[in-house]
1. Quick one: angle between helix 2-47 and the longest Cα principal axis of the chain, in degrees between 0 and 90, rounded to 10, please.
2. Would you order 61, 26 from fewest to most other beta-carbon atoms within 10 Å of each residue's own beta-carbon?
3. Counting just the Cα atoms, what span does the chain cover along each of its three principal axes? Round to the nearest Å and put the largest first.
4. Using 0.36 nm per residue of separation minus the Cα-Cα distance, give me the extension gain between residue 65 and residue 19 in nm, one decimal.
5. Calculate the all-directions average of the projected area of the stretch 36-83's alpha-carbon convex hull, and give it in nm².
6. What is the angle, in °, between the Cα long axis of helix 74-94 and the longest principal axis of the Cα atoms in the chain? Nearest 10 is fine, range 0 to 90.
7. Only counting other Cβ atoms within 10 Å, I'd like 89, 34 sorted with the fewest neighbours first.
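What follows draws every value from the coordinates through simple rules; no lab data is involved. Because the structure is a prediction, the values reported are computed rather than measured. Cβ: placed from backbone, ideal geometry, glycine included. Neighbour counts: every protein chain shown.
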């Protein structure tokens, strides 16, 4: 019975690790898309004539700062937390940390 429980915990840990790694990948792709879009907008703005630049205007710096916090900083903080979680799960798989089923559900 204990061997079966250990196998269940092992498969649960592997599933959690793959799920968290997928979340990390999704967040990083979202950040890359935002940064690419920002570069393209900046490039388009720079290629405009002076008159069009004056008429179109540019986002205020504080809007850009808020966008950066929303689209880059907070998601990357979440990525750091997920990476710590994955490292913790991998340590449990390696046997460095006892794998308690109740601890995994938090």
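1. 10
2. Working: 61 8, 26 12.
Ranked by crowding around the Cβ, least crowded first: 61, 26.
3. 77, 20, 18
4. Values: separation 46, 0.36 × 46 = 16.56 nm, distance 3.07 nm.
Stretched fully, the residue 65-residue 19 segment lengthens by 13.5 nm.
5. Details: hull surface 15.3 nm².
The directionally averaged projection comes out at 3.8 nm².
6. Between the helix axis and the principal axis of the chain, the angle is about 20 degrees.
7. Values: 89 20, 34 16.
Ascending number of Cβ neighbours within 10 Å: 34, 89.
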